[in-house]
1. So which residues in segment 56-76 are part of a helix (DSSP H, G or I) and in contact with a Lys or Arg (Cβ under 9 Å, 6 or more places away or on another chain), if there are any at all?
2. Got a number for residues in segment 103-115 being part of a helix (DSSP H, G or I), farther than 16 Å from residue 125 by Cα and among the aliphatic types (A, V, I, L, M)?
3. Quick one: is residue 58 farther than 18 Å from residue 125 by Cα and of a type in the set (A, V, I, L, M)?
4. Among (1) touching a Phe, Trp or Tyr at 6+ places or on another chain (Cβ under 7 Å); (2) of a type outside the set (Ser, Thr, Tyr); (3) modelled with pLDDT of 95 or more, which single condition is residue 17 missing?
5. Just the residues that are surrounded by fewer than 17 Cβ atoms within 10 Å (Cβ to Cβ), within 13 Å of residue 141 (Cα to Cα) and more than 17 Å from the chain's Cα centre (by Cα), please, taken from segment 59-85.
6. Can residue 45 be described as of a type outside the set (D, E, K, R), out of contact with any strand residue (DSSP E or B) (no Cβ under 9 Å at 6 or more places or on another chain), over 30 Å from residue 111 (Cβ atoms) and assigned to a helix (DSSP H, G or I)?
7. All but one of (1) touching a residue at least 60 places away in the same chain (Cβ under 8 Å); (2) closer than 26 Å to residue 114 by Cα; (3) β-branched (Val, Ile, Thr) hold for residue 91; state the number of the condition that does not hold.
Amino acid sequence: MDARQATAGVDRVEVLRKWILGVLVLGLLGTVTELVLLEHYEKGLQLVPVGLIALSIVVLIWHVMKDDLASRRTLVAVMVLFLLAGFAGFVAHFLGSAEFQLELDPDMDKWELLEKILRAKAPPLLAPGMMLQLGLLGLAYVYSDSRYRRSEIK
């Protein structure tokens, strides 16, 4: 592979990174808008995704303005928190839905309860998956930066 082909490959990766960043920002803004419209801040635990999104926007602004190792590492840490929040949100939604369903019918068997939880609209069981997707997008953005990979080797 000659230098021209290598440069073209790097340029393509940079274009893809910009697209990933754009999709990440759109996802963050869309998700926080939906959470605010749904008043997903009535209980303390419900503030976690809203707070993480606000934090990620601040970190992304810092990263775009400075683009250094510290901002990249901070972005990775925030995106890992997104992954953890996604899993914790899934558990919280599952338990909340189970509690509600058992209040309606305490004699329900386990399989019927599981079916009701999976079909419940409130709280939507898979909604926290959005936090997982956003976290993975953020990690893909950071780890696709060759400078980050080189700085981790040193």
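1. Restricting attention to segment 56-76, the residues satisfying the condition of being part of a helix (DSSP H, G or I) are 56-66, 69-76.
Selection gives 63, 69, 72.
2. Of the residues in that region, 1 qualify.
3. Values: farther than 18 Å from residue 125 by Cα: yes; of a type in the set (A, V, I, L, M): yes.
Judged against the criteria, residue 58 is a match.
4. (3)
5. The answer is 64, 67.
6. Numbers: of a type outside the set (D, E, K, R): yes; out of contact with any strand residue (DSSP E or B) (no Cβ under 9 Å at 6 or more places or on another chain): yes; over 30 Å from residue 111 (Cβ atoms): no; assigned to a helix (DSSP H, G or I): yes.
So residue 45 does not fit the description; no.
7. Of (1) touching a residue at least 60 places away in the same chain (Cβ under 8 Å); (2) closer than 26 Å to residue 114 by Cα; (3) β-branched (Val, Ile, Thr), only one is false for residue 91: (1).
The values are calculated or read from the model by the stated rules, or taken from the named source; none is laboratory data. In this text the structure is predicted, and so the values were computed from the model without any measurement. Reconstructed Cβ throughout: ideal geometry from the backbone, glycine too, with neighbour counts over all protein chains shown.
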